[in-house]
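Novice: Just dropping this structure here.
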Amino acid sequence: MVRCTEGKSERAGTQRLRHDAVRARRQDHPRCTGWFAWRPDRVGPLRGRTRRSGTGLIVFVSLIAVLLASQSPVRAACEVQERAEVPFTATGGQLLVPLVVNGTPANFVMDTGAERSLVTPDAVRRLGLPLDQWVGTTMHGVGGVVEHQNADPRSLTLGGVTLQRHTITHDTSLTVGPLPEPGAGTPLDGLLGRDFLSVFDLQLDMAAHRLTLYNVQGCSGRFLPWTAPYASVPVVTPMTHALILPITLDSHRLTALLDTGASTTVIALPGMIKLGVTRESLAGDQASAARGVGRQSPEMHRHRFGILQIGGETESNPMLWVAPVRLTPIVDALLGADWLMAQRRVWLSFATSQVFFQRQ
């Protein structure tokens, strides 16, 4: 799970900063047309002559009423368009997908917990990626806060579909940083985060190890083409497109970030406080070091709980990892790839702010 903020280097220069500011103003203030128009160069109401006429006012109001009455509400049709289907590999508790970067194959972790996509320094050299001398990224991970440069690949594709970040500029930049290897003999080139993934709805067929990308428009409710019964969970999606689910653990309501890049589900410090879990109560539990973005490796403990409930589905006596870490966005837990792998199929709908799943 990674959260990022971007900033310009002091070497950028006044001219580049002025250009960025002008471009931002143009993007943030589009001109509007229709019944009302707003001009960014005016701060007050549009001025003009006003004719005081009661008849004119009645005619104007009547015209508005006729126009509104003649328009019946039309709901856009639900459109679900398949864009690509690719295989994924489950290695070391992580889901690896085959990207093509500048025409060269690369292995990236599918990571819905990462706000910003990342490429390793070794992959930068192997793929011949130029480094951005103007913009860098500050990354917030389980292991702390680190700062890195960005790389600028010419192209990124997944299953033949061109990828662009879910930003105003629709760029393809990647943050450069190291990652722990998921397993022996498995090359890992980077993380594919929400900045690219949230453009699509994602279907994960866990049994067939297939990832399908969809474009979804005008849909709501239970719109899936699945024929077998499935559960649905409404999620909160902040501005960073994070999928935050409500879960219940031992009768306590918690929030969990759906993090496909985390190999295991983890109860974080806010969740520990709500559940009344202390360091003393974890003393006899199995311990391990957490791995992730950042230089630190916080200690985790595997603890047994009573009942875990997600979307109406109940799991008794779950063994979950507990770590005294704070996450961004602020949530009580990470719902990791171990939960995904226990399902038959999972559909992550960024378009409708829902998560659907079928049990094995």
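The values are calculated or read from the model by the stated rules, or taken from the named source; none is laboratory data. Values in this document were obtained by computation on a predicted structure and should not be read as measured data. Cβ placement follows ideal geometry from the backbone for every residue including glycine, while neighbour counts extend to all protein chains displayed. Remember, those area values only see protein heavy atoms, side chains included, never the ligands or the DNA or RNA. Shrake-Rupley method; radii C 1.70, N 1.55, O 1.52, S 1.80 Å.
Novice: Report, ordered by the first and then the second residue, all pairs with beta carbons closer than 6 Å, sequence separation of six or more or different chains, a first member in the stretch 86-112 that is more than 21 Å from Ser198 (Cα to Cα) and modelled with pLDDT of 95 or more, and a second member that is open to solvent by less than 30 Å² (accessible area, probe 1.4 Å) and in a strand (DSSP E or B).
Specialist: Qualifying pairs under 6 Å: none.
Novice: If you don't mind, another one. Take the conditions surrounded by 14 or more Cβ atoms within 10 Å (Cβ to Cβ), closer than 22 Å to Asp195 by Cα, touching a helix residue (DSSP H, G or I) at 6+ places or on another chain (Cβ under 6 Å) and aliphatic (A, V, I, L, M) and apply them to Ala333. Does it pass?
Specialist: yes
Novice: Scan the stretch 254-277 and give yes if some residue there is touching a Leu at 6+ places or on another chain (Cβ under 8 Å), open to solvent by 70 Å² or more (accessible area, probe 1.4 Å) and more than 30 Å from Phe223 (Cα to Cα), otherwise no.
Specialist: Yes, the stretch 254-277 contains a residue that is touching a Leu at 6+ places or on another chain (Cβ under 8 Å), open to solvent by 70 Å² or more (accessible area, probe 1.4 Å) and more than 30 Å from Phe223 (Cα to Cα).
Novice: Now for a different question. Search the stretch 101-136 for residues being within 29 Å of Pro329 (Cα to Cα) and in a loop (DSSP other than H, G, I, E, B), and hand back the single one that is most open to solvent (accessible area, probe 1.4 Å).
Specialist: The extreme case among them is Glu115.
Novice: Considering only residues of the stretch 262-275 that are of a type in the set (A, V, I, L, M, F, W, C) and assigned to a helix (DSSP H, G or I), which is farthest from Thr248 (Cα to Cα)?
Specialist: Leu269
Novice: Considering only the stretch 198-209, I want to know if a residue exists there that is farther than 25 Å from Gln309 by Cβ, open to solvent by less than 20 Å² (accessible area, probe 1.4 Å) and not small (Gly, Ala, Ser).
Specialist: First, pick out the residues of the stretch 198-209 that are farther than 25 Å from Gln309 by Cβ: 198-200, 208-209.
Then drop every residue that is not open to solvent by less than 20 Å² (accessible area, probe 1.4 Å), which leaves 198, 200.
Imposing the further condition that a residue be not small (Gly, Ala, Ser) reduces the set to 200.
Yes, the stretch 198-209 contains a residue that is farther than 25 Å from Gln309 by Cβ, open to solvent by less than 20 Å² (accessible area, probe 1.4 Å) and not small (Gly, Ala, Ser).
Novice: Of all residues in the stretch 212-261, which are within 22 Å of Lys274 (Cβ to Cβ), over 18 Å from the mean Cα position of the chain (by Cα) and small (Gly, Ala, Ser)?
Specialist: Hit for the stretch 212-261 is Ser251, nothing else.
Novice: I would also like to ask the following. What tally of residues in the stretch 216-255 results from selecting those that are in contact with a Phe, Trp or Tyr (Cβ under 9 Å, 6 or more places away or on another chain) and in a strand (DSSP E or B)?
Specialist: Of the residues in that region, 5 qualify.
Novice: Also, I was wondering about something else. Which of the numbered conditions does Leu213 fail, given that it passes all the others? Conditions: (1) buried (at least 18 other Cβ atoms within 10 Å of the Cβ); (2) assigned to a loop (DSSP other than H, G, I, E, B).
Specialist: Exception for Leu213: condition (2).
Novice: Just give me the residues in the stretch 312-328 being open to solvent by less than 30 Å² (accessible area, probe 1.4 Å) and under 22 Å from Val235 (Cα atoms), in sequence order.
Specialist: The answer is Leu320, Leu327.
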